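Only one structure is covered here, and it is reproduced in the block below.
The values are calculated or read from the model by the stated rules, or taken from the named source; none is laboratory data. Model, not experiment: these values are computed from the prediction. Neighbour counts run over all protein chains shown; Cβ positions are idealised from the backbone, glycine included.
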Ligand code: ATP
Ligand code: MG
């Protein structure tokens, strides 16, 4: 099937890992008879240098025409002194908003031979494999008013959600649970917050539409504790913006390396933007040693969530696991045994498996 994919390499190692993801997707296209058409555009610091803005209209227009967007990373010391409207991160927030991406998906998996790299006990993280579905465009981060009053002596942040906004993210949570093991945990603070009470109502109402999914409700404080004491009890977690932000950073310690974590940001019609959780890593940019796995696993998410190519997505994930199992790894992973390789070789090993 023909798919149009926009690549936004951005800055630093973003450029290096995007090219790895493209190689992997080309291998998938060959093996499974798909046709992927790639078009590259600038974002972040690279766009500031070339167009004088972190998010040129041409980039926004191209993304709006795409079936999916892959983004590397933005930022770097070169632009750190720029005024705020010329910060590379502006490009990232701008493109998420322009595409109305309201659902942020972060899978977190304890890869077998990386378990010791987590600060948590190996027996706790072993077998952990969960997905956090976070609402991205509402809640406290977008409250109006958000202001100082009383000569600067009091502050107001407001938390607003419409029923519709809750429904669409809860639907994404249920759908993700259907594609995985059929368990959904809804995280809220319904003993205190009105928004959480409505959240819980919506989840209860939606249950009937997804009879194959088992749902439970956990308060956010308890969820924070369980996430690091007993992470294997979770499969899919669905939650609002602020809770999701905090829980997904907390959950990232289960894996041991930021170089392994992919993410997706989705819109209602399935169009999505896929990017690694890590940044542009200026300290290692240009050295050919970046771990391409987070970006490659983001491409796998694109196949699953935007194109419904579930077999192909699984093949990429299996490829990454099997290359790690064989002992190959990039320098960011604290593995003593096995063989340390660079970005290009790691990519080639994954392509060869496919
Ligand atoms: P940002 O503000 O964009 O999130 P950051 O400085 O907080 O950037 P990263 O750019 O993710 O974070 O880098 C954090 C550390 O992790 C750096 O030392 C970097 O070299 C390392 N790192 C990040 N991603 C990778 C990767 N894919 N491969 C190897 N090392 C990485
Ligand atoms: Mg950071």
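Table for the structure above
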quantity	calculated
Given (1) within 16 Å of ligand 1 (Cβ to nearest atom); (2) over 25 Å from residue 139 (Cα atoms); (3) in contact with a strand residue (DSSP E or B) (Cβ under 8 Å, 6 or more places away or on another chain), number of the condition residue 274 does not satisfy	(2)
Whichever residue in the stretch 305-321 is assigned to a helix (DSSP H, G or I) and at pLDDT below 95 and, among such residues, is farthest from ligand 1 (Cβ to nearest atom)	310
Close pairs (7 angstrom Cβ cut-off, 6 or more residues apart or separate chains): over 16 Å from residue 260 (Cβ atoms) in the stretch 286-314, within 12 Å of ligand 1 (Cβ to nearest atom) and outside any helix (DSSP H, G or I) anywhere	288/342
Any hit, the stretch 209-232, residues being closer than 19 Å to residue 167 by Cβ and crowded, with 21+ Cβ neighbours inside 10 Å	yes
Residue match in the stretch 75-92 (condition: buried (at least 22 other Cβ atoms within 10 Å of the Cβ) and touching a strand residue (DSSP E or B) at 6+ places or on another chain (Cβ under 7 Å))	no
Criterion (within 14 Å of ligand 1 (Cβ to nearest atom), touching a residue at least 24 places away in the same chain (Cβ under 8 Å) and more than 17 Å from the chain's Cα centre (by Cα)) met by exactly one of 354, 335	335
The lone exception for residue 12 - which of (1) under 19 Å from the mean Cα position of the chain (by Cα); (2) more than 16 Å from ligand 1 (Cβ to nearest atom) it fails	(2)
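The rows are residues; the columns are (1) without any contact (Cβ under 8 Å) to a residue 12 or more places away in the chain; (2) under 20 Å from residue 99 (Cβ atoms); (3) outside the structural domain of residue 91 (by TED's automatic domain parsing).
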{"position": "6", "(1), (2), (3)": "no, yes, no"}
{"position": "13", "(1), (2), (3)": "no, no, no"}
{"position": "18", "(1), (2), (3)": "no, yes, no"}
{"position": "22", "(1), (2), (3)": "no, no, no"}
{"position": "32", "(1), (2), (3)": "no, no, no"}
{"position": "38", "(1), (2), (3)": "no, yes, no"}
{"position": "43", "(1), (2), (3)": "no, yes, no"}
{"position": "47", "(1), (2), (3)": "no, yes, no"}
{"position": "50", "(1), (2), (3)": "yes, no, no"}
